[in-house]
Structure formats: C-alpha cells, structure tokens
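In what follows, a single structure is set out as structure tokens and then discussed.
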Amino acid sequence: MKSNRIRWALPILGGLLLAFSGTIHAQQSNWLPHLAHNHGATQIIVDGKPFLVRGGELENSSASSLLYMETVWPKIVAMHCNAVLAPVYWRLIEPQQSKFDFTTVDGLIQGARQHHMRLVLLWFGSWKNSMSSYVPDWVKENQQRFPRAVRADGTSLEILSALSQNNLSADSNAFVALMRHVRNIDSAEHTVIMVQVENEVGMIPDARDHSAAANAVFLSPVPSALTSYLVSNKNSLESALKQAWEAHGAKVGANWPDTFGVGRETDELFTAWTEAHYTGEVAARGKQVYPLPMYVNAALIRPGKLPGQYPSGAPLPHLFDVWRAAAPTIDFFAPDLYFPNVVEWANRYARPHNPLFIPESGRADAANLGANAFYAYGQLNAMGYSVYAPEFLKPEEQQTLGRAYAVIDQLTPLILANQGTPRMVGIRAPSNFAGTVDLTPQQFTLGGYTFLVHFREPASISVGAKVEPEIPGAHGGMIIQTGPNDFLVAGTGMVITFAAASEPGSLAGIDSIWEGNFVNGTWTPGRELNGDDDNQGRSLRMPAGQFTIRRVRLYRYR
Ligand code: DGJ
C-alpha cells in the first residue's frame, strides 16, 4: 500500500498546536482551511464548507507593488475569480537576515479581503522555475555561506544547492516567519487558504548538482527512507523507477549509481530526492506554526526531452514515489498546464492519492482555458483551476474567461455536491502536444441515458449533406444529473444527442430544453429552446463562442 500522502490538515491537532502558541483558541483553529475526502473527491474546506477555486495566478511581478495591485483587483473581480494565487517573494520579506517586512503580504491580504477573494500564497523561496532569483541579496552574494549547485563541468549555477543545511535553514526560517505572520493576522478570517511551497522546483541544464557536497552524497547509500518506501510499495511503484531499481538488484544500502544505474535518469532521481527533501522540510517547519494545506507545482516535459533538458527532479508523475517518500508533508503535486495536451497531463495528476489542483494554465485562448476548467472540475474532481497572469489578458479574453467562470460560479454548489459521484461528467475534445484536436464524438452514461457528444456540426438530413464541419471555437463542458430525467448541461461548442442506455429497445427523446441561469442560487429560466433550436427535437446545441447553461428533461419511448 502506498503511504497516504494527503495529510488532512488535522484541524484538531492544529488547534492544539496553535493553542500552545497562545495566540489562537482551539475552537477557532477547528475551522482552519483543510482538505477532506467527500463522496469520492478530495475538497478544500474553508470555513467549514467545501470551496472550489476559480483562480487567477498573478503575473510574477504584480504582487511586488501594492499600488500596481490596485489596477489588478478590479480585473480579477470582473473575471469572476474567487481566489488569487499570489507570490510572496523571499527577497522582499527578508531584505536583511532576520529583519522581516511583511508590507506586501499585509497589503495582499487586505486587498483580497476588500475584493472578497481568497488567497493561495506562492512561496518564491529557493526555487523559482529551477532558478534562485528570488533569494535575498544577502543570500545571493554570499556563496561561501549559501552554496550553489554546480554543473558537471564545474560551472556554478544561480541555483542554491539543495545539499546545504545553511540554505535550508535560511529558506525555512523565512517561510516559518511568513506562516507565523499569516497565522497572526489571518487565523480568524482564513483569507489565505493554501500555500504553494517553492515554485517549479527542478534542475536544468544538468539533471543534478555536481558540487563536491552533492557528489559525496551521490556516492553514499541511498537514504533508507527511500529504499524502505521502495520495498514497501514495490508492487505499485511508477514503472521507470521500479525497473531501474529492480534491474540493479533491488538493492538497499548501496549508493545512487549502484542502486539505480549510471546515467541522467539516476541523476534526476537524486535531484528529486534532494530537492523534495528540502522542500518537504520547508513545508513541515511552516506547517508546525500554521498547518494550512501545502502543495508543490511542476513544469511539465516536452515530448522527447531527457533529464537535464527540462527542469528535472520536479514532482512529475514518474517521480511521484520519490517525492512521496522524501516529502510526506506535502499534500499534493500540481501541474502547470501550458501545453495543448491538457487532458493527458491533467489525467496524469488526478490520481487516487493526488487530488487535482491546477495552479497555472496558459498559452491558449480564454475560451479553451474556460473549457479546460469545466473538464477539470466536472471530470477530474479538481479542487481548483487557475489561469496564469489573467491581468495581462486582452479585455475581450478577460470577458470570455469571466463568462466561463461566471457559469462555474453559478454551478458551484452542484459541482461540489456531485464531485466524485456518477452524477457528473466533464467533457473536453482533447488535443495532442502539437495542438491537433481529436473531434471523435464522446459518449457518457448518466442516469440510464447515453449522451453522445459531437464536436462537429451534424450533417443536415434534409439536404443530404455529408460533410460535418468542426463547430468553431473551444469544445468543453459538463453534465450534472439533477433528477431521474433531469440534467444540467453547461459549456461551449458541442451538439449532444441522446439514447436510452439501460432499457434495450428503448429510445430517448427530448422532453424540454430551457436556457437559463442560477440567480442567487435559484434557477431562473429564459426561453424554451425548441424547433430550429433543438433541430426539431433531435439534439441539444451548446453554442460556440459562449459559455451557457441548459436545463434538459429527457424521456424514454419505444
Ligand atoms: C511557470 C511559472 O511557474 C510561472 O511563475 C511563470 O514563470 C510562468 N511559467 C510563465 O510562463
């Protein structure tokens, strides 16, 4: 059995810890944001209720100026976000060692409260996209005390070495100070609901640190915490790791190359272990003072790239086991989705032991980003979805994303109640890495009805047309069953036909389709869509270029 890595934020233990610190009453801390398993899905609980993150992750530099943030908040509100993922920069909060300045953090929290947003804080500490550009000057300039990683050819990198205890203490001291500060100012309000520890940890352009300290550890026995994990989980290990370990004799107590072989893959395993251990320690120390859920994000791999050619050692699917063994305090690993094959990558992160949270998505138009969100919440039980740098989207793109998030907002109580159950599905026409969309119709069964989802215009029977052109724009959405014959369908760019799944010989027809919205939680219908609008009772159309909700009642006949 894999160790259960999701550390439910243990509100009661948190209560005791915080009560001992003398600043928070146990009763208050029972309400700390935490993760909980509800009807088959992991959810973030905020103020006692599940919370679905509709996020925007600020562009890297936005949160360094509170004045600048004043221009950002209204855009975030207009896009119907309910949470902002915001960096906290180590170099700005600790400009001199042990002298902390939390002005930017206080301003963020205040701004979020004024705009009714929750915050996920991103700790820009030792790693930011594999580099160490956010460390304070007093760390950057003292390489003797805060050693750097070194390339195989001896060149020093602007990356702190994960092997240095000084680096780890300096980073974790700052992180602990941050968490203590957040606890002191926010443990009653819970504006801050979660924390990302470091940002896109990893090593590039070498797959591992070749400093003398790193080389010595590389040639020492693989830590027993990792080998015992391999032994106890040998039947469920990720295949590349299992193969490498078993091909070299499933050794315990041998050094890294003897245990896993010589080569860049083993170098990457070593980086995964050392950077995960460091990151896990930072998180563990922070959780001791304020136990919010904590996760680590990963930059993904382009096809064909080898360790050393992408940020290596990150919490990537083939390294999940190493991360679990090295950093058990991390609640989950999160993918940064910038490649077109979002469906593939999101599925690789949505695992029984790894609930899905998407902190960053981008390099797609807003309609496709919105369609991804429907799929992630509806099909993969995502706790949250967030677009990177929404404040930089063009105004029309901000509007499109806002419309997608507004629909999600309306459906949020239903999404949260149905995640993990067979009453909800998410739909997305998947793309490959090159961006080619697979328009093959998809079939879903809910409540004894089959929904056949088309991403092409059905050929018109009356004119005998054969060609089925692609419906323009993005294709994605969700279906939620609300009664034996009642369904809500939301999304964009799809045509859906129906069949009776459970009764042989039965057919399914459309009783009614209504457009509408939830206004203050109450379904408020618009027009009934019939005639030309449902192809004379043949299909449900989710219009291209818009995000809409349809209430559908079906019936069976023979
Ligand atoms: C991923 C990083 O995590 C972000 O901070 C940002 O650098 C984006 N990439 C930019 O594409």
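Each value in this text was obtained by applying a stated rule to the coordinates, not by laboratory testing. Since the model is a prediction, treat every value here as computed from it, not as a measurement. Glycine also receives a Cβ, built like all others from the backbone with ideal geometry; neighbour counts cover every protein chain displayed.
Within region 119-198, which trypsin sites (Lys or Arg not before Pro) sit in a loop by DSSP and count at most 13 neighbouring Cβ atoms inside 10 Å?
Numbers: sites: LYS128, LYS140, ARG145, ARG148, ARG151, ARG180, ARG183; in loops: ARG145, ARG151.
Taking region 119-198 and a limit of 13 other Cβ atoms within 10 Å, the loop trypsin sites (Lys or Arg not before Pro) found are ARG145.
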C-alpha long axis of helix 264-289 to longest principal axis of the chain, angle in °: 90
Spread of Cα-to-Cα distances over 10 Å intervals beginning at zero, given as percent, for the chain: 3, 17, 26, 24, 16, 9, 3, 0, 0
Square roots of five times the Cα gyration tensor eigenvalues for region 334-413, Å: 21, 15, 9
Counted charge near GLY493, where neighbours are those whose Cβ lies closer than 13 Å (Asp, Glu -1; Lys, Arg +1): 0
Per-peptide average of other Cβ atoms within 10 Å, ordering 319-326, 77-84 highest first: 319-326, 77-84
Between 0 and 90°, nearest 10: helix 66-78 axis offset from the chain longest Cα axis: 30
Surrounding net charge for SER161, when Lys and Arg each add one and Asp and Glu each subtract one, Cβ distance under 15 Å: -3
Length-normalised contact order of region 414-491 in % [C-alpha pairs under 8 Å, at least 6 apart]: 30
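Could you order the peptides 59-72, 430-443, 108-121, 274-287 from most to least packed, using the average number of other C-beta atoms within 10 Å per residue?
On the way: 59-72: 15.6, 430-443: 14.0, 108-121: 19.6, 274-287: 24.8.
Averaged packing, sorted descending, gives the order 274-287, 108-121, 59-72, 430-443.
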Angle in degrees between helix 366-379 and the longest Cα principal axis of the chain, rounded to the nearest 10: 90
Most to least packed among 520-527, 231-238, 255-262, 367-374 [average Cβ atoms within 10 Å]: 367-374, 255-262, 231-238, 520-527
About the Cα centre, charge dipole magnitude for the chain (Lys/Arg +1, Asp/Glu -1 at Cβ), debye: 960
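Could you compute the FRET efficiency for TYR555 and ASP47, with r as their C-beta to C-beta distance and R0 at 45 Å, rounded to 0.05?
0.65
For the chain, what is the calculated [θ] at 222 nm in deg cm²/dmol (nearest 500), taking -39500 (n - 2.57) for each run of four or more DSSP H residues and dividing by its residue count? List each step's numbers first, then the result.
On the way: 16 runs with 179 residues, N = 558.
Taken over the chain, the calculation gives -10000 deg cm²/dmol.
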Square roots of five times the Cα gyration tensor eigenvalues for region 376-507, Å: 27, 22, 13
Whole-number Å³ per residue for the convex hull built on Cα positions in region 282-349: 94
Under the Karplus curve 6.51 cos²θ - 1.76 cosθ + 1.60, θ = phi - 60°, whole-Hz ³J(HN,Hα) for region 119-125, x wherever Gly or Pro sits: 10, 10, 8, 10, 7, 7, x
